[in-house]
1. Give me the net charge of residue 30's neighbourhood, meaning all other residues with Cβ under 12 Å from the Cβ of residue 30; Lys, Arg count +1, Asp, Glu -1.
2. Report the extension gain between residue 27 and residue 44 in nm, rounded to one decimal, defined as 0.36 nm multiplied by the number of residues separating them, less their alpha carbon distance.
Amino acid sequence: MNIKLHEDKHEAFNDRWEDLDVATGRDGFSELFSHIRMIYARFKAIYAAIPEPEVSTCHSGRALETTNQEERPV
């Protein structure tokens, strides 16, 4: 997961992570990071399980989204 941050925000977040590393120690920081990865993996699995809507085209060539027997322009 790559998140692009504005440079001034990047520096602020970098400082926060360094403060957390110092405050929790090496083992505590590692445990925190493991929890963050676990949460991310759960959300990723949930997101992957959500089916994407079926998309078809109508006579005009516009895309239509089919949901519950209802078609509407996208």
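1. Local charge sum for residue 30: -1.
2. Length difference between fully extended and current span is 3.6 nm.
FYI, it's all coordinate maths here, none of it is from the lab. What you see is a predicted model, and the numbers here were worked out from it, not measured in a lab. Quick reminder, even Gly has a Cβ in these numbers, built from the backbone with ideal geometry, and neighbours come from all protein chains shown.
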